[in-house]
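What follows is one structure encoded as structure tokens, with my remarks underneath.
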Amino acid sequence: SQVTDSRPTVLDTLELNSSGEFSYEVAVATPTFYELNLYGKRVVRLALLNDDVEVKYDFADPQSLVIEGSEDSKEMLKIEKLMEAYQLNVNKLNEAYYEAMSKNDTEAIKKIQVDAMALESQQSEKVKEMINSMGNSFASMAAIGLLNPKNDFPYIDELVTKLNDNYPGTISILQMKQQLDEMIVLSVGQPAPEIELPKPDGTMVKLSDLKGKYVLIDFWAAWCR
């Protein structure tokens, strides 16, 4: 499958020969992400541009996946391993949380919540360290989704700008850049966008009229009476 707009598009179904081997050619004009679904047992994520890639996997050993030829695809494997380790820790915290909830142990619940926040912060630093170690690899685009834009917006914005310079015209990078340009308007520290609405007496008031004052904005859903 070719991954575009975060949605995989199936390209082809491949058949193995009697030796358990296959080969496939695909034209890659710009940096592109692909997924190789191995009988639904394992999904191998590849980042391809100009290199040939060789994938080896033994279904009897989940840890046997080896990717050769494509350095960008090797970086994708690093991302997968980092996420696996993180998910194990998250699962342990979830189990402890449910146990504490069943016992109504408020102190344990508070500690788990603190531990969860610390784990998220530590994971963010690990992801950024990994991205930095990738150099100019466009595989770092796949790692951006592991970061929280609210906490790491400047880092993400700088990374996408660098990727856009190195790989101009790449659709996935341009889409991410557009999303960031839209997000920066509402990011912490930016001037709030102008709002102009009627008061109960019908006169209009602008948010900018209250500049310098604390303003609480209460959003109501259309069905709220």
Of 139, 143, the only residue that is modelled with pLDDT of 90 or more, open to solvent by less than 80 Å² (accessible area, probe 1.4 Å) and in contact with a strand residue (DSSP E or B) (Cβ under 6 Å, 6 or more places away or on another chain) is 139
Only one of (1) closer than 20 Å to residue 137 by Cβ; (2) open to solvent by 50 Å² or more (accessible area, probe 1.4 Å); (3) part of a helix (DSSP H, G or I) does not apply to residue 51, and that is (3)
Over the stretch 179-225, the set of residues in contact (Cβ under 8 Å) with a residue 24 or more places away in the chain, outside any helix (DSSP H, G or I) and surrounded by 10 or more Cβ atoms within 10 Å (Cβ to Cβ) is 187
Picking from 125, 68, the residue that is of a type outside the set (Val, Ile, Thr) and farther than 28 Å from residue 160 by Cβ would be 68
Q | Test: residue in the stretch 155-167 that is at pLDDT 85 or above and outside any helix (DSSP H, G or I) | A | yes
Among the residues of the stretch 166-175, are any out of contact with any Phe, Trp or Tyr (no Cβ under 8 Å at 6 or more places or on another chain) and either open to solvent by less than 30 Å² (accessible area, probe 1.4 Å) or of a type in the set (Asp, Glu) (or both)? no
Within the stretch 84-95, of all residues that are open to solvent by 60 Å² or more (accessible area, probe 1.4 Å) and not polar (S, T, N, Q), the one nearest to residue 140 (Cα to Cα) is 84
From the option list 74, 128, 103, single residue qualifying as of a type in the set (Lys, Arg) and open to solvent by 70 Å² or more (accessible area, probe 1.4 Å) is 103
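The values are calculated or read from the model by the stated rules, or taken from the named source; none is laboratory data. Here the structure is a predicted model, which is why all the values come from computation and not from measurement. Glycine gets a Cβ as well: all are built from the backbone with ideal geometry, and neighbour counts include every protein chain shown. Just so you know, the surface numbers come from the protein's heavy atoms only, side chains and all, with ligands and any DNA or RNA stripped out. Shrake-Rupley method; radii C 1.70, N 1.55, O 1.52, S 1.80 Å.
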